[in-house]
Amino acid sequence: MISIKKNVPWQLKILLKIIFSRLPLPYNVWRNISIFRHGSMQDAAYAYRVFKKHFNESKLAKDFTTLELGPGDSLFAAAINYSLGGKKSYLVDTGYYASRSVEFYRNFNIFLESEKLPTKDLSACSNLEDILKSYEAFYLTRGLDSLRKIPSNSVDFIFSQAVLEHIKKREFTDVIKELRRIVKDTGYCSHTVDLKDHLGDALNNLRFTEKIWESNFMSSSGFYTNRIRYSEMIDIFKEAGFEISHIYTSQWEQLPTPRSKLAFPFKNMDEKELSISGFSIVLSPV
């Protein structure tokens, strides 16, 4: 299997992704060779572990509604939601990235059964639409526009795994406001955010000026992160109407990219702020 390995210099990764992203090939081709893969959610055990990690923060028992932001290459969350007592689920992404293979989801049911969890009988399903209907799941693929179509105060549990950092900066605040509108006053949100550069697990994305990084050319090339740092993201959550229930941060002991190489305003940013490499947060509606 071809992949862009970690030992490839970040500059070369950018160049290759710029070239590859402009070749007229469908997403499933890039996914199969691991160049533009949307996370690791095709791995059954990983997908279940991620869902449970976020879900365990709740006290939900049955008939709840879940929203996964950025499901990526699989819609396993619909099946997990059902297995844990959920009634309905929304799976919202910015494009149609998920596998359409019926056998793929039937095999996932085998995994759930091995975990002693209830599953739906998918034997009569002939396509992905049938599977989604059986779970009362809705796969929406227009990002912010899709969120705007979900009823207010209708979802008990919202989660995302290394997704928020990929939302376009110009849309980020609006996305968080929509999540606050959608979630019930008694619900909660759980997010894991990766603040590394997604090129070399450093801060190489902060080397570029705002004008260059946020240009359509750069932001459509498969390596974009919005570069919203920890404190600013926390402020956006609070301004949208959330309060922090729990938070865990991870940090570098020393900056992985020299401060002198960073563009403004990151060059002048507090080192403690720059050293936060990621965080997990649970939000409750105010």
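Quick notes on this structure:
- Condition broken by Ile110, with the remaining ones in (1) surrounded by 13 or more Cβ atoms within 10 Å (Cβ to Cβ); (2) in contact with a Ser or Thr (Cβ under 9 Å, 6 or more places away or on another chain); (3) not charged (D, E, K, R) satisfied: (1)
- Checking Pro71, Pro24 one by one, the residue that is at pLDDT 95 or above and part of a loop (DSSP other than H, G, I, E, B) is Pro71 and no other.
- Summed over region 83-103, the residues that are in a helix (DSSP H, G or I) and in contact with a Leu (Cβ under 9 Å, 6 or more places away or on another chain) give a count of 2.
- Flag if Thr192 is among the β-branched types (Val, Ile, Thr), open to solvent by 40 Å² or more (accessible area, probe 1.4 Å) and within 30 Å of Trp252 (Cβ to Cβ): no
- When the residues of region 195-229 are filtered to those that are touching a Phe, Trp or Tyr at 6+ places or on another chain (Cβ under 7 Å) and open to solvent by 20 Å² or more (accessible area, probe 1.4 Å), the one that is modelled with the lowest pLDDT is Gly222.
- Extreme residue, surrounded by the fewest Cβ atoms within 10 Å (Cβ to Cβ), among residues of region 230-248 that are among the aliphatic types (A, V, I, L, M) and more than 15 Å from Val183 (Cβ to Cβ): Ile247
- Residues in region 39-70 that are in contact (Cβ under 8 Å) with a residue 40 or more places away in the chain and among the polar types (S, T, N, Q) were compared, and the one that is most open to solvent (accessible area, probe 1.4 Å) is Gln42.
- For Leu144, the stated conditions do not hold, so it cannot be described as assigned to a helix (DSSP H, G or I) and either open to solvent by less than 10 Å² (accessible area, probe 1.4 Å) or touching a Gly at 6+ places or on another chain (Cβ under 7 Å) (or both).
- Filter pass, Tyr97 being hydroxyl-bearing (Ser, Thr, Tyr) and at pLDDT below 95: yes
- One residue stands out in region 113-141 among those that are more than 15 Å from Ala78 (Cβ to Cβ) and part of a helix (DSSP H, G or I): the one that is least open to solvent (accessible area, probe 1.4 Å), namely Ser114.
- When region 255-286 is filtered for residues that are touching a residue at least 12 places away in the same chain (Cβ under 8 Å), open to solvent by 60 Å² or more (accessible area, probe 1.4 Å) and not charged (D, E, K, R), the ones remaining, listed by number, are Phe264, Val286.
The values are calculated or read from the model by the stated rules, or taken from the named source; none is laboratory data. Computed from a prediction, not measured in an experiment: that's the story for all the values here. Quick reminder, even Gly has a Cβ in these numbers, built from the backbone with ideal geometry, and neighbours come from all protein chains shown. When the accessible area is computed, the model is the full protein with side chains, heavy atoms only, and any ligands, DNA or RNA have been set aside. Shrake-Rupley method; radii C 1.70, N 1.55, O 1.52, S 1.80 Å.
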